[in-house]
Amino acid sequence: MNNATAAKDGQSVKVDSRAGKYLTFFLASEEYGVEILKVQEIIGRMPITPVPLTSKYIRGVINLRGKIHPIMDLKIKFGMEEAEITEETCIIVIKTSSLMMGILVDKVSEVVNVAADDIEDTPAFGGDVNPEYLLGVGKTGGRVRLLLDIEKVITTSDIINMKKASSEEHSGA
């Protein structure tokens, strides 16, 4: 699935496209990772302007250096309780193939290099759980981290909602 075969010195070597550097962060007590190449920047707490008639997990928009970016609360998106804003709460600005947006997280942990051997495929959770937003489970430093496929976390309807939120706030500004 995420594996390819490459030739090295006449031998075939398995290459896992999921291996690489991940920015890790916490939502409640669980640690998640997102590919570092998708991270634009990390910013501290700042005022989020709510936008009416968007999904509950779309917290609103921020004005970052003159550009409007929608903010998604991953805890609500994942069915957890709404994030309590603390000193450690921050926004990770993500750049996907279709937009730039912020994700609200409880705290950023670290950047880790996850080797192919340290990534397990996502286990089956049963019929009513859809784990397609997970790239796999990373096992590094004695810890387990859920590696997110951020492109799949942000669904098409999210993109429409976020673009709508950004344009409404921008036109009202």
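A few comments on the model shown:
- Scanning segment 25-69 for residues that are part of a strand (DSSP E or B) and of a type in the set (F, W, Y) gives F25, F26, Y32.
- Taking the numbered list (1) at pLDDT 85 or above; (2) in contact with a Gly (Cβ under 6 Å, 6 or more places away or on another chain) in turn, T122 passes all entries but (1).
- Candidates G79, G33: the one that is under 16 Å from Y133 (Cβ atoms) and exposed (fewer than 12 other Cβ atoms within 10 Å of the Cβ) is G79.
- When segment 88-112 is limited to residues that are exposed (fewer than 15 other Cβ atoms within 10 Å of the Cβ) and of a type in the set (G, A, S), the one that is nearest to P47 (Cα to Cα) turns out to be S98.
- Residue list for segment 85-97, filter: within 17 Å of L148 (Cα to Cα) and in a loop (DSSP other than H, G, I, E, B): T96, S97
- Restricting segment 41-74 to residues that are more than 21 Å from A28 (Cβ to Cβ) and of a type in the set (D, E, K, R) leaves a set whose member that is surrounded by the fewest Cβ atoms within 10 Å (Cβ to Cβ) is R65.
- Only one entry in T86, T54, T49, T140 is within 27 Å of A19 (Cα to Cα), polar (S, T, N, Q) and out of contact with any Ser or Thr (no Cβ under 7 Å at 6 or more places or on another chain), namely T140.
- Hey, K75 touching a residue at least 12 places away in the same chain (Cβ under 8 Å), under 15 Å from M100 (Cβ atoms) and of a type in the set (K, R) or not: no
The values are calculated or read from the model by the stated rules, or taken from the named source; none is laboratory data. These numbers were taken from a predicted model, which means no experiment stands behind them. Here Cβ is always computed from backbone atoms with ideal geometry, including for glycine, and neighbour counts include all displayed protein chains.
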